[in-house]
Amino acid sequence: MANDLIIHIEEPSFENQVIQSDLPVLVDFTAVWCGPCNQEAANVLPGQYANFKPLGAQFVGILIDGFPRESSHAIEVGGVRTNFRMPDLISIGLGGGTIIHPDGDGVRVGPDSVGYRVITEALVAGGSTPTLSDASVKAGRLSDFGDATLTAAMSQATADAAIRWVDEQIQVLCDRMKASRQALPLIAVGGGSHLVAGSVPGVSEVIKPPHFAVANAYGAAIAEASGEVDRVYRYGESSREQCLEHAKALAIEAAQRAGADPARTRITTVMEVPMTYVPGGGCRVQVKAAGPLAAGG
């Protein structure tokens with residue numbers, strides 16, 4: 001993130017410039033892969049600068065690898081437990097295309113969805129499938145999609161029950177993501193963000209940045225190709241430096257096979273885990289490389 005108001009530091013200097021600082025410090029954990037984050041930097045930071053700079057505050061930007069933290073636990077995506085390397089996130093099957101099912105006196109929401117077909121199958125689009133987009137339109141949260149008069153096919157009680165379920169799920173997910181009881185802001189992005197209410201219990205404020213509905217497209221446009229190597233080396237049979245260089249070369253090669261520009265591919269992460277039970281100085285080495293997509297790739 002390029003911003004003249006921010007002092008960019010590396011992890012080794014964090015202790016001296018932030019923890020040991022005699023002045024108040026506002027820390028911006030930068031994520032260049034996140035379109036909404038880049039947008040918000042231009043909107044939020046100048047105001048914060050004006051408020052706190054007279055107090056002698058420093059503004060520090062931290063960029064660690066430029067990639068999201070990898071979860072150390074199994075991640076569920078839409079209720080499906082996965083065994084893949086995933087960012088540290090919580091996933092739920094909840095979007096504009098999620099189908100609303102009658103269930104006795106109430107409703108059951110999802111997890112099935114009409115997906116991209118919401119533009120033809122939702123009630124407001126002239127279709128016959130009640131979706132959360134229909135409930136959102138009927139509740140007044142979504143106003144620029146379809147024909148609102150067609151929501152007459154959905155009862156107000158059904159729409160209210162579906163929206164209550166959505167609000168409860170969002171509140172639970174926000175509470176699970178927080179590391180403390182402190183209320184934090186919620187940035188809502190993506191096509192289904194209209195489902196997020198203007199206020200959420202436990203959240204200081206709900207922020208919907210400009211063009212929030214197409215944040216996924218921003219992310220896809222700035223995505224990079226990557227490659228990874230995860231293997232065991234024996235440092236006793238060769239030097240540590242030679243083993244690491246070999247692993248880095250393999251990771252760069254993997255990233256380039258995935259479409260990364262050879263001239264701009266870089267190493268993003270190197271992890272070493274000693275394996276004392278393996279003879280010959282065994283060590284598990286994990287190396288990741290990434291780079292912008294090659295032109296025409």
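The values are calculated or read from the model by the stated rules, or taken from the named source; none is laboratory data. Model, not experiment: these values are computed from the prediction. Every residue, glycine among them, receives a Cβ derived from its backbone with ideal geometry; neighbour counts consider all protein chains shown. To get the accessible areas, we keep the full protein, side chains included, count just its heavy atoms, and leave off ligands, DNA and RNA. Shrake-Rupley method; radii C 1.70, N 1.55, O 1.52, S 1.80 Å.
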Selection status of H194, open to solvent by less than 60 Å² (accessible area, probe 1.4 Å), within 30 Å of T98 (Cα to Cα) and not small (G, A, S): yes
Of the residues in segment 158-184 that are open to solvent by 70 Å² or more (accessible area, probe 1.4 Å) and of a type in the set (A, V, I, L, M), the one that is modelled with the lowest pLDDT is A179
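Each row is one residue, and each column tells you yes or no for (1) crowded, with 18+ Cβ neighbours inside 10 Å; (2) in contact (Cβ under 8 Å) with a residue 60 or more places away in the chain; (3) not in a helix (DSSP H, G or I).
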| site | (1), (2), (3) |
| --- | --- |
| V189 | yes, yes, yes |
| G198 | no, no, yes |
| V214 | no, no, no |
| G227 | yes, yes, yes |
| H246 | no, no, no |
| A254 | yes, no, no |
| P262 | no, no, yes |
| T276 | no, no, yes |
| G291 | yes, yes, yes |
Residue selected from segment 99-155 under the condition part of a strand (DSSP E or B) and polar (S, T, N, Q), by the criterion least open to solvent (accessible area, probe 1.4 Å): T131
